[in-house]
Amino acid sequence: MNPERTAGTTDLRSMMEDMWAEVAVYNPQADREKLWAGYEFARAAHEGQKRKSGEPFFSHALTVARILADLRLDVDTLIAAMVHDVVEDTDYEMEDIRQRFGKDVAHMVDGVTKISGIRAVNADARKAATYRKLVLAIAQDPRTVLIKLADRLHNMRTIGYLAPERQQDIAQETMDVYAPLAHRFGIARIKWELEDLAFMVLQPERYFEVEAGIKKIRAERER
């Protein structure tokens, strides 16, 4: 997955066209009309909203969907990824999602919303609650957790726009909860990137020491 292909792009339609081109290759029977309907609905719902980076808010959800397309997920999962913030951040309700895209999409969005809504005062309690929610989501539909993993991955890629204290909090949760979960799902590339990004926030000096050492060894091997 090339981060430059997603996070730094604000041309939403081009992002969507690229994603559809990839989906059409691995799933020739994919419902193009339904997928594009999900795009148009979510884009319009988030119209005018911005991320802290200044990018359109919907660019995040679209990037999450693109990460999942790289994992060759089905159309319903990609739609759920694109609309996963709609209920939480707009005036639409879960019933609107269900009526437009069906119960499976609504169920995944509901699961992601509940996981994201965990607000515990104590860090240990939050971690325990996160695990409980994730286990419940896995039991009902594992795709819900895959969406949340992709959501967390993109948030970690853009974490630099948050306050330092918030960065530490999110990075620790990523290391404690989401990286191990990616490992259990067998998604090594997401696990490694989550760990690297969290490590860079939690122990920046050590991270850059390791990075410099790896680069030195690579250069010596190349010579």
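The values are calculated or read from the model by the stated rules, or taken from the named source; none is laboratory data. Because the structure is a prediction, the values reported are computed rather than measured. SASA here: full protein model, heavy atoms, side chains in, ligands and nucleic acids out. Shrake-Rupley method; radii C 1.70, N 1.55, O 1.52, S 1.80 Å.
For GLU33, the accessible surface of its heavy atoms amounts to roughly 150 Å² (probe 1.4 Å, protein chains only, rounded to the nearest 10). Based on Cα contacts under 8 Å between residues 6+ apart, the chain shows a relative contact order of 16 percent.
Solvent-accessible area per residue in region 167-207 equals 51 Å², computed with a 1.4 angstrom probe and all protein chains kept. Of the heavy-atom accessible surface of the chain (probe 1.4 angstrom), what whole percent is carbon and sulfur? Answer for the chain: carbon and sulfur cover 49 percent of the accessible area.
Considering only GLU17, GLU88, GLU195, the Gaussian network model of the chain with Cα springs below 10 Å gives its largest mean-square fluctuation to GLU17.
Ignoring aspartates and glutamates fewer than eight residues from LYS127 along the same chain, the ones with Cα atoms less than 13 angstrom from its Cα are ASP169, GLU173, ASP176.
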